[in-house]
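**Student:** One structure, as structure tokens, below. Some questions next.
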């Protein structure tokens with residue numbers, strides 16, 4: 001089997017961007033089963049992409065990737081907890097050497113992994129250490145002090161730490177525009193709902209090779225899609241039926257400020273936010289302001305009941321296709337609640353205004369007029 005694998009590898013090697021051998025040496029390792037390369041290491045969505053048995057004190061992988069790829073090496077210990085470490089697959093021979101655990105082993109022979117070690121120490125480690133310290137503070141507190149107040153305080157500090165980590169990522173990207181780790185960091189900063197105005201200029205500063213990579217092209221496509229509904233863009237027009245089956249077209253509201261509100265009867269955060277939206281509607285509905293609700297429901301009775309219970313007395317649209325609602329797909333809605341505030345000229349002027357933010361924005365607009 002190995003001979004066949006090597007022959008096939010040699011035959012196709014010229015077509016590959018990267019191919020490498022990974023050798024894991026743990027001479028004091030006992031009670032071992034197998035070592036695995038896992039592309040997604042977490043509680044869910046784990047994908048084993050390769051495995052190796054221990055031979056002569058070593059695990060040897062021969063793996064090929066089109067471009068650098070982040071994986072975990074996981075070693076199963078018979079009757080014991082598995083241990084793991086993150087590595088980057090890149091071109092060349094990689095040696096991972098330790099005593100009895102891959103978690104504390106040293107990686108050599110890989111410039112990208114050496115760079116990642118520096119990146120981790122300077123960018124990621126501070127926030128991870130802060131998170132562990134905050135967790136320790138909460139656990140060390142007496143039961144009577146483990147209150148929501150303490151948790152909220154620690155959460156506020158943690159969010160500040162995450163913001164500092166994100167700032168460090170932007171600085172790293174600026175100083176390393178040709179590093180694949182910069183593209184990885186920018187993809188993480190972009191997330192599933194990228195802030196186009198913030199992410200696109202940083203993306204344009206990356207090297208041509210990174211932008212032309214598979215991950216680079218995926219990020220470019222996401223920015224393009226999100227740009228269609230970004231602040232400053234003309235809101236894409238659509239037509240959808242209201243609760244009585246009558247077609248309603250967004251462009252029919254030109255000349256008014258429109259809050260396009262995506263929600264669902266089954267969405268707890270949406271229902272909790274509805275009183276704020278209702279209050280804003282009653283306050284500004286006579287000031288050239290309208291709300292158009294887009295439901296992600298697939299049950300008509302529950303949709304109508306929620307409209308009545310929450311007193312959503314504005315234009316309500318839906319096609320009862322759930323997450324496949326045509327307008328939600330057109331606007332790339334991946335989570336609810338979500339909203340867009342559209343100006344009289346059809347230009348999107350704000351997104352995801354909730355709570356006080358919605359009132360402040362509307363007061364800014366109508367208090368000025």
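Here, each number is a calculation from the coordinates, and none is a lab measurement. As the structure is a computational prediction, the values presented were derived from the model and not from experiment. Note that each Cβ is placed from the backbone with ideal geometry, even for glycine, and that neighbours are counted across all protein chains shown.
**Student:** Which order, highest average first, do 340-346, 111-117 follow once you tally other Cβ atoms within 10 Å for each residue and take the mean per peptide?
**Tutor:** Result, highest mean first: 340-346, 111-117.
**Student:** Here's another thing I want to ask about it. If I take every Cα pair under 8 Å that is 6 or more residues apart in the chain, average their sequence separation and divide by the length, what percent do I get for the relative contact order?
**Tutor:** In percent, rounded to a whole number, it is 11.
**Student:** Among the DSSP beta bridges whose two residues both lie in the chain, what percent are antiparallel, rounded to the nearest 5?
**Tutor:** 70
**Student:** Sort 86-94, 234-242 for me by packing, meaning the mean count of neighbouring Cβ atoms within 10 Å per residue, highest on top.
**Tutor:** The packing order, highest mean first, is 86-94, 234-242.
**Student:** So, one more: Relative contact order for the stretch 239-366: what is it in percent, counting Cα pairs under 8 Å that are at least 6 residues apart?
**Tutor:** Relative CO of the stretch 239-366 lands at 33 percent.
**Student:** Measuring from the lowest to the highest alpha carbon on each principal axis, how far does the stretch 191-240 reach, largest first, in angstroms?
**Tutor:** 42, 19, 17
**Student:** Output the 0 to 90 degree angle, nearest 10, between the alpha-carbon long axis of helix 180-190 and the longest principal axis computed from the alpha carbons of the chain.
**Tutor:** 30
**Student:** Of the candidates 220, 84, 230, which one comes out as most mobile in a Gaussian network treatment of the chain with C-alpha springs shorter than 10 Å?
**Tutor:** The residue with the greatest mean-square fluctuation here is 84.
**Student:** Still on this model: Hey, with R₀ at 25 Å, roughly what FRET efficiency would residue 283 and residue 351 work out to, going by the Cβ-Cβ distance, to 0.05?
**Tutor:** 0.75
**Student:** Let me ask something else about it. How big is the shadow of the Cα convex hull of the stretch 113-227, averaged over all directions, in nm²?
**Tutor:** 8.4
**Student:** So which residue, out of 223, 206, 148, gets the largest mean-square fluctuation from a GNM of the chain using Cα contacts under 10 Å as springs?
**Tutor:** 148
**Student:** So, one more: Based on the Cα atoms of the stretch 82-150, what semi-axes does the equivalent ellipsoid have, where each is the square root of 5 times one gyration tensor eigenvalue, given in whole Å with the largest first? Could you put the intermediate results ahead of the total?
**Tutor:** On the way: eigenvalues 257, 43, 13 Å².
That gives 36, 15, 8 Å for the three semi-axes.
**Student:** Please state, to two decimals, what the Cα-based radius of gyration of the stretch 193-320 comes to when divided by 2.2 N^0.38 Å (N = residues).
**Tutor:** 1.32
**Student:** Taking N as the number of residues in the chain, what is its alpha-carbon radius of gyration divided by 2.2 N^0.38 Å?
**Tutor:** 1.26
**Student:** Give me Rg/Rg_expected for the stretch 51-115, where Rg uses Cα atoms only and Rg_expected = 2.2 N^0.38 Å with N residues.
**Tutor:** Taking the Cα Rg and dividing by 2.2 N^0.38 Å, one obtains 1.13.
**Student:** Continuing with this model, one more query. If I build a Gaussian network model for the chain, linking alpha-carbon pairs within less than 10 angstrom, which residue out of 53, 218, 140 has the largest mean-square fluctuation?
**Tutor:** Between 53, 218, 140, it is 140 that shows the largest mean-square fluctuation.
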